[in-house]
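Take a look at the structure set out below.
Just so it is clear, none of the values below were taken in a lab; they were calculated from the coordinates. Please read all numbers here as calculations on a predicted model, not as lab measurements. Cβ: placed from backbone, ideal geometry, glycine included. Neighbour counts: every protein chain shown.
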Amino acid sequence: MNKRFNTWAACVLERLPRVAPMEEGDPSNSERVKKIYPEKLVQSGKKRDAEQDLETWKEASRKAWKSALEAKQDDVERRPEARLVLLLQEKGKDEWKLPFATHQTGETIRATAERALEEALGDAAETYFVGNGPFAHVPLKRNETEHLWKGMDEARRDPNQTEEQEDDEVRIFLHKAQLIDRGPAVKNTWASRGKVAWVALDELNQYVKHPRLADMIYKGLV
């Protein structure tokens, strides 16, 4: 008998590190890091025009930087020196997870990842998907993902699959996206469904309980 598997796509939404403030008395570092957006993002109209590539990241004030270092897990400004990943926790569930959805017949795997993020956040954040394909995939046994499966909304399941067609293995394809703007709104959008956490790479294992999945997320962002 051939092994059956179900295909999921998950979005690894990354908040990039902030620019640290210079010490008092040091020259401005406004020229130190250029803000260069992908050409596709510029052409889409999400950024004003080609002159945007001459903009620079604004360095954080020392007061804001100190406050961010003490921020709670649901604050997108926490750990300003680190890359952060968005994790979600539904009400009544213990597991933290990435925004994910089951692949449906007729859509690309990237479209599944885009749908997963949209269903989770709506238009609460401006994001940019990096690349057309996944950066990794993780095969997991059915019993390793049962808690995730039960936590999925019916709308996120493949309507063509019945309970009798449940699979032996789940393959999760990971797509990377980056937060461009409006990050603070994410917490408010998800509030009715559960909690959010912006997690640094050195904190992943505290939240993601599957070592292989945590390892793939880590490798995709370092």
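Please go through the residue pairs LYS72/LYS209; LYS72/LYS176; LYS187/LYS219; LYS72/LYS93; LYS97/LYS187; LYS97/LYS176 and name each one whose alpha carbons sit more than 18 Å apart in this structure.
LYS72/LYS209; LYS72/LYS176; LYS187/LYS219; LYS72/LYS93
If packing is taken as the average count of other Cβ atoms within 10 Å, what order do 187-193, 204-210, 113-119 fall into, highest mean first?
The densest-packed peptide leads the list: 113-119, 204-210, 187-193.
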